[in-house]
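Here, each number is a calculation from the coordinates, and none is a lab measurement. From a predicted model like this one, the values you see are computed outputs, not experimental measurements. Don't worry about glycine lacking a Cβ; one is built from the backbone with ideal geometry, like all the others, and counts go over all protein chains shown.
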There are 2 protein chains.
Amino acid sequence: MSLHYALLGMLASKPGTGYELTQRFDQSLRNAWHASHSQIYPELARLDEAGLIEVVEEGQRNSRTWGITAAGREDLRRWMTETDTDRRVRNETALRYFLFGLLEPADRRVALERERKHLEEADEEFRTVAAHLEALDGPTPFRPVVDLGQRLNAVFSAWVDERLADADEPPAS
Amino acid sequence: MSLHYALLGMLASKPGTGYELTQRFDQSLRNAWHASHSQIYPELARLDEAGLIEVVEEGQRNSRTWGITAAGREDLRRWMTETDTDRRVRNETALRYFLFGLLEPADRRVALERERKHLEEADEEFRTVAAHLEALDGPTPFRPVVDLGQRLNAVFSAWVDERLADADEPPAS
DNA sequence: GCCATCATGTAATTAGTTACATGATTAG
DNA sequence: CTAATCATGTAACTAATTACATGATGGC
């Protein structure tokens, strides 16, 4: 059900085509939600059917730019202020961290190195994004989330570094 | 596919019944993975079929305690060391944070208050868990994750507090 | 005796993934 | 002219949720 509101939210912030929304999911919402185009297009059709979004522009290559309607805005507002948050998560990264303690030291070193590498890349990417945002400073209302996701990574990073340091010692069992 | 490995991991750490595993998912794995009993039981049957787990004890009330087999351990080890992590997430809390900027100040105050309350409860719960773990100190290999999940909450918390402070000001648009 | 909890399942539906499929435009 | 990207869809399958369903045990 949250894809419904994720899409409304994206369109409330700025109209866009299904294609653009797919990209925004992989970029800005990367640390919050994921959806592929094959899920997005049918959902857009449903939102349209319900009168929550509408075509605001027809462009090149048969593209349609969607915008949120007043009804859509109200639906989104109500969801955000009146409904409980679904706290359930499925985070494979966290799951793997949880399981690291089960591995033999040598295997754990391999698994941790993989994570360290990912964090290094994510950190580099973040610094690029952060620099970009700093240049804009203000016009983007979505800054906190990018920041947030990366701060999480910073936490993970510290934890992984700790674990890397004593990866040669056997796990406390 | 990760439920497969989440279950193997749980059983590698300690055998348990489907019922117990359901509870462990809601407790220790709360910040990493979620699965309900109606998903867990069929998956256990599949793991059994594949020879990755086995019944190690039949107890009261028709309960069966499952344990991981050598093949299961190897399957888990290979997954953890040789496969890429699926980084896709669906985190409604993060999604909502992302969308806070779209609300009018008054609505945002409502939404933020809801989050603040949740964090207060989570923090209280964490302190209980932390005290418990401190008493045990050592025998539990799963300490880091509980800690990690809550550290994340601490990050969210700081961010929310900041936002609460200036929730009366209009969003930077 | 009854209620809470332990314990296990299945059925119907919705959500999400992977694979298949097609056409338009632009840059080189 | 051709490869990359833009742009949109559908079909088959798997994963997950919600609802339905049942029985055992223990404490009061």
Taking amide H atoms as placed 1.01 Å from N in the peptide plane, list the residues 5 or more away in sequence, or in a different chain, whose amide H sits under 5 Å from that of residue B:64. B:18, B:59
Output row for residue B:45: copy-to-copy label distances, label 7 Å along Cα→C-beta, ascending, in nanometres, one decimal, is 3.3
Assign unit charges at the C-beta atoms only (+1 for Lys and Arg, -1 for Asp and Glu), then state the dipole size of region A:2-82 relative to its Cα centre in Debye, rounded to the nearest 20. 240 debye
Dipole magnitude of region A:51-90, debye to nearest 20 (Cβ charges: Lys/Arg +1, Asp/Glu -1, about Cα centre): 260 debye
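So which trypsin sites (Lys or Arg not before Pro) in region B:14-79 are both in a DSSP loop and have at most 11 other Cβ atoms within 10 Å of their Cβ?
Working: sites: B:24, B:30, B:46, B:61, B:64, B:73, B:77, B:78; in loops: B:30, B:61.
Within region B:14-79, the qualifying trypsin sites (Lys or Arg not before Pro) (loop, at most 11 other Cβ atoms within 10 Å) are B:61.
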May I ask you to evaluate 6.51 cos²θ - 1.76 cosθ + 1.60, the Karplus curve with θ = phi - 60°, for each residue of region B:76-82 and list the ³J(HN,Hα) values in order in whole Hz, giving x for glycine and proline? 5, 4, 5, 4, 6, 9, 10
Inter-copy distances for residue A:121, nm, shortest first, label points 7 Å along Cα→Cβ, are 3.8
Label distances, nm, residue B:64 versus same residue in remaining copies, Cβ-directed 7 Å point: 5.0
Considering amide H positions built from the backbone, and no H for Pro or chain starts, which residues 5 or more places from residue B:53, or on another chain, come under 5 Å of its amide H? B:48, B:69
Once phi for every residue in region A:104-116 is put through the Karplus expression 6.51 cos²θ - 1.76 cosθ + 1.60 (θ = phi - 60°), the whole-Hz ³J(HN,Hα) values, with Gly and Pro written as x, are 5, x, 5, 5, 5, 4, 4, 5, 5, 4, 4, 5, 4
HN-Hα J in Hz across region A:83-92 - Karplus 6.51, -1.76, 1.60, θ = phi - 60°, x for Gly and Pro: 10, 6, 7, 7, 8, 5, 10, 9, 10, 5
